[in-house]
Amino acid sequence: MASDNETRDMFVETASRLFSEQATREIINAFEKGTWPADLWKQVEETGLPWAAVPENVGGAGGNVGDLMAVLREAGRNAVPLPLAETGLGAMIAGEAGLTPPSGPLALAISESGAPLRIEGGKVSGKAKRVAFASVCDNIVVVASGQVAIVPKSAVKIDVKQGQTGEPYDDVSFDAAAASASAPSKVSPERALELAALARTNQMTGAADRILAITTQYSKERVQFGRSISTFQAIQHMLAELSTYVAAVAAAARVAARDAEEGGDSFSIWAAKTQASDAANKICAIAHQSMGAMGFTYEHILHHYTRRLWVWRRDYGSESYWGAKLGRAMCEAGPDAMWPSLTASKVAT
Amino acid sequence: MTMPKLDFPPFRLPPDAEELRTEVRAFLKEILPNLSAGERFKSWNSRSPEFSKAMGDKGWIGITWPKKYGGAEKSFLHRYVITEELLANGAPAGSHWVADRQSGPNILRYGSEEMKDTILPRIVKGECFFAIGMSEPDSGSDLASVRTRADKVEGGWRVNGTKIWTSGAHRSHYAITLLRTSGQREDRHRGLSQLVIDLKSPGITIRPIINLNGKHDWNEVVFRDCFVPDSMMLGEEGDGWLQVTGELAYERSGPERILTNIHVLKELIRIVGRQPGHQAQVTIGKLAARVWSLRQMSLSVAGMLQAGKSPAVESSVTKDLGTHFQQDLPEIARVLGESEAADENDIQEFLDVCQMATLAAPAYSIQGGTTQVLRGIIARGLGLR
């Protein structure tokens, strides 16, 4: 399903305006201290943005995964402290299986081969670690082999853990937890993890873009030795280098989003999340160095973006996870397949 | 807050360009000898007039140029695909490289009709090769400071001065040469012009400059009262600076900034075998992800160029990142390959390949705009200067 440009532009404009005006520093700080931004969620919900990629017949906005990724880039650009990726994907996967996603924020629990989640007879069993936002969501979408289920929070046991973005990354125990709805699903846990990695990659590109904007702006305003530090060649070259890493993440994220939208191979997602996670530390390190002590304070907004990059690079598979997957596939295919794989964005056989 | 504008919209090559890729791959597989990795690396960037002739016979040189000069009037993207395949397959395309990539397009854009008629069809056939006479002993990144002069004489120009780092001048027919045709050195970019100089003209001495690999590619080209006819002026007198700066921005981000030593990754995959350990998988995956992302950036710039835009900052970003990838690759491969080789008997040849790649690497971030010049351009794009 392709989305036309106008629909895409509308999603992006709505998201950009709403997030930049409403996801204020006060709200982001308050959430870190435990206050769920209920008003912000309500406003976001009214726009329908979390359901960008949910089919219209189950109450969604009828866009596609590419639209959702465009919204998530704007969310990352504004460090929006809401489970937009999880709600967006959870509702999309549930909706594609014919389930009507409930209103309110959704967490996403994806079965892993080492510690599988099982959905049998409308009941979910197993343990899921580091489930983003679980403790602040009313429902959890569970993706297991061949099945998707929506489980109310009241049916599970949650071990609340605050992640280093200040957002919850909770452990969730499902002990024959009764789902409010479940259905057979074509989205495998592996595919769900890829989509979640794609979502984080697109959030990362938004945050990286904002880091570049913050640091370039600051360098023009900060005066030392009688001149703005942006006039020093050392600073210019640092920020120029920073921009090359930011650009690489952006290019990779957008191509991977396009390929997912057009039903392409998973290769692009593996490569894009590897690229984004691999570049995150370089981006954060240069950004902090360019801003000195000021950028290391809680008061300044920079850390909301750098901490997210440092946490998000680990979410839904790090560069080690996806890099190994990509590297393993390329080695299996052999040296002569390397170049054809890179040009086709698909491991050649 | 205003966001710096660096935009890399996703771009996909059109189906007919991908069809051409299949053809080029098949042709290269047939024509290139079955070389070992080490031999293939030596042949990279090497010059083979025979290979260039074969490329000309296929119609793959000057493919974008008008049919009346022998071209095929295909898009810039078709050329992009050919360039990628030549690099990725280690083809000895050095003889016609400059003529196809830079000199021909310059002549097409600025040259007289006579110049186009006499030179372009020969380039297309793979029979006419070019060098570039820009740098001088005292003018590297600061091109506007060139000293080589061309003084007006009856029917043409008398050239005096020295050009340096002139790749392949000893095996080329012509050099497009940047000269001062009026004013003084202090006038900087005013009064510069480009002449297409026949390298067999009297008054030219070409001396080899051996690089750290022990190879002869560079030259010093000395002009002493060398006469060049008026008809060989590129465009109007005084247009040289505009032509040169346009040329440098053009294709700064082409496949040659990413794929020059991509065979090192291929050989790394060969040496670790089909089922390497986890660390090897991760490292190879990260390298693949980097080069894949770079290629997407380069494609994006190609798409913008094809659409008539001038993404000068984006192409500088791509070149900066690409040349550093190419410099990292041999080092990462060397360390991983030595510890993870599936068969120890293959290690020495692999390490030789890495060693050769390492010795070639310093040039990547010098030629076509140094890292420092590029970062200056990017900083200006970010609004910092």
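Data for the structure
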{"quantity": "Shielded by partner chains, the stretch B:285-305 residues - at least 10 Å² of accessible area, 1.4 Å probe, vs chain alone", "calculated": "B:285, B:286, B:288, B:289, B:290, B:291, B:292, B:293, B:295, B:296, B:297"}
{"quantity": "Estimated buried accessible area (total), pair B and A, 1.4 Å, Å² to nearest 100", "calculated": "4700 Å²"}
{"quantity": "Charge dipole (debye, nearest 20) of chain B; +1 at Cβ of Lys and Arg, -1 at Cβ of Asp and Glu", "calculated": "520 debye"}
{"quantity": "Degrees separating the helix A:38-47 axis from the principal Cα axis of chain A, which is the longest one", "calculated": "80 degrees"}
{"quantity": "Positive-end residue, the stretch A:189-343 charge dipole about Cα centroid, Cβ charges, pick of A:236, A:264, A:312", "calculated": "A:236"}
{"quantity": "Cβ-Cβ FRET estimate between residue A:159 and residue A:32, R0 fixed at 22 Å, reported to 0.05", "calculated": "0.70"}
{"quantity": "Cleavage-rule hits, trypsin sites (Lys or Arg not before Pro), the stretch A:161-239, DSSP coil, Cβ neighbours within 10 Å at most 11", "calculated": "A:186"}
{"quantity": "Heavy-atom SASA rank of B:145, B:339 (probe 1.4 Å, accessible area, largest first)", "calculated": "B:339, B:145"}
{"quantity": "Theoretical ellipticity at 222 nm over the protein assembly as shown - DSSP helices of four or more residues, -39500 (n - 2.57) apiece, nearest 500", "calculated": "-16000 deg cm²/dmol"}
{"quantity": "Complex-versus-alone comparison for the stretch B:367-385, residues with a loss of 40 Å² or more in accessible area, probe 1.4 Å", "calculated": "B:375, B:382, B:384"}
{"quantity": "Calculated from backbone phi, Karplus (6.51, -1.76, 1.60) coupling profile of the stretch B:348-360 in Hz, x at Gly/Pro", "calculated": "4, 5, 5, 5, 5, 4, 4, 4, 5, 5, 5, 5, 7"}
{"quantity": "Leading residue at positive end of dipole, the protein assembly as shown (Cβ point charges), from B:241, B:182, A:301", "calculated": "B:182"}
{"quantity": "Highest-fluctuation residue, B:137, B:15, B:311 considered, GNM on chain B with Cα pairs under 10 Å", "calculated": "B:15"}
{"quantity": "Solvent-accessible area of residue B:117 with every protein chain in place, 1.4 Å probe, in Å² to the nearest 10", "calculated": "90 Å²"}
{"quantity": "Cα Rg over Rh - the stretch A:5-184, Kirkwood", "calculated": "0.97"}
{"quantity": "Heavy-atom surface of chain B, accessible at 1.4 Å and reported per residue (Å²)", "calculated": "42 Å²"}
{"quantity": "Cα centroid separation, the stretch A:53-122 to the stretch A:182-209 (Å)", "calculated": "9 Å"}
{"quantity": "Full-stretch length increase - residue A:344, residue A:231 - with 0.36 nm per residue and alpha-carbon distance subtracted", "calculated": "36.4 nm"}
{"quantity": "Where chain A is the region considered: accessible area per residue in Å², 1.4 Å probe", "calculated": "38 Å²"}
{"quantity": "Cα-derived Rg over Rh, computed across chain A with Rh taken as Kirkwood radius", "calculated": "0.98"}
{"quantity": "Solvent-accessible area, 1.4 Å probe, carbon plus sulfur percent, for the protein assembly as shown", "calculated": "50 percent"}
{"quantity": "Sequence-distant residues sharing a close amide H with residue B:133 (under 5 Å, placed H)", "calculated": "B:176, B:177, B:178"}
{"quantity": "Residue with peak Gaussian network fluctuation, chain A [Cα springs, cutoff 10 Å], from A:208, A:75, A:30", "calculated": "A:30"}
{"quantity": "Efficiency of FRET from Cβ geometry, residue B:48 and residue A:17, R₀ 56 Å, rounded to 0.05", "calculated": "0.45"}
{"quantity": "Angle between chain B longest axis and helix B:371-381 axis [Cα atoms, degrees, rounded to 10]", "calculated": "80 degrees"}
{"quantity": "Alpha carbon convex hull of the stretch B:21-113, volume per residue in cubic angstrom", "calculated": "90 Å³"}
{"quantity": "FRET E, pair residue B:236, residue B:307, Förster distance 35 Å, beta-carbon r, rounded to 0.05", "calculated": "0.80"}
{"quantity": "Ranked order, A:298, B:364 - accessible area, probe 1.4 Å, largest first", "calculated": "A:298, B:364"}
{"quantity": "Cβ charges +1 (Lys, Arg) and -1 (Asp, Glu), total dipole of the stretch A:5-184, debye", "calculated": "520 debye"}
{"quantity": "Positive dipole terminus of chain B, leading residue within B:261, B:317, B:99 (C-beta point charges)", "calculated": "B:317"}
{"quantity": "Angle in degrees between helix A:319-333 and the longest Cα principal axis of chain A, rounded to the nearest 10", "calculated": "70 degrees"}
{"quantity": "More than 47 Å apart - percent of Cα-Cα pairs taken over the protein assembly as shown", "calculated": "26 percent"}
{"quantity": "About the Cα centre, charge dipole magnitude for the protein assembly as shown (Lys/Arg +1, Asp/Glu -1 at Cβ), debye", "calculated": "1000 debye"}
{"quantity": "Number of partner chain Cβ atoms within 10 Å, mean per residue of B:342-352", "calculated": "0"}
{"quantity": "Interatomic Cα distance distribution for the stretch A:188-266, bins of 10 angstrom, percent", "calculated": "17, 35, 22, 15, 8, 2"}
{"quantity": "Chain A, relative contact order [Cα under 8 Å, separation at least 6], %", "calculated": "14 percent"}
{"quantity": "Under-5 Å amide H pairs with residue B:219, H placed in peptide plane, nonlocal only", "calculated": "B:165, B:166, B:167, B:168, B:169, B:209"}
{"quantity": "Pairs of Cα atoms farther than 28 Å apart, chain B, %", "calculated": "49 percent"}
{"quantity": "Net charge of neighbours whose Cβ lies under 14 Å from the Cβ of residue A:98, counting Lys and Arg as +1 and Asp and Glu as -1", "calculated": "-1"}
{"quantity": "Listed residues B:239, A:259 arranged by accessible area, highest first, probe 1.4 Å", "calculated": "B:239, A:259"}
{"quantity": "Accessible area (Å², 1.4 Å probe, nearest 10) - residue A:229", "calculated": "20 Å²"}
{"quantity": "Relative contact order, percent, the stretch A:189-343 [alpha-carbon distance under 8 Å, six or more residues apart]", "calculated": "31 percent"}
{"quantity": "Contact order relative to length of chain B, as percent, for alpha carbon pairs under 8 angstrom and 6 or more apart", "calculated": "16 percent"}
{"quantity": "Surface accessible to a 1.4 Å probe, residue B:286 within the full protein complex, Å²", "calculated": "60 Å²"}
{"quantity": "Viscosity 1.002 mPa s, temperature 20 °C, Stokes-Einstein D of the stretch A:189-343 from Kirkwood C-alpha radius, µm²/s", "calculated": "129 µm²/s"}
{"quantity": "The stretch B:214-224 - phi-based ³J(HN,Hα) in whole Hz, Karplus 6.51/-1.76/1.60, Gly and Pro as x", "calculated": "x, 9, 9, 10, 6, 9, 9, 10, 9, 9, 10"}
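The values are calculated or read from the model by the stated rules, or taken from the named source; none is laboratory data. Worth saying up front: this structure is predicted, and the values here are computed from it rather than measured. Positions of Cβ are backbone-derived with ideal geometry, glycine not excepted, and every protein chain shown enters the neighbour counts. When the accessible area is computed, the model is the full protein with side chains, heavy atoms only, and any ligands, DNA or RNA have been set aside. Shrake-Rupley method; radii C 1.70, N 1.55, O 1.52, S 1.80 Å.
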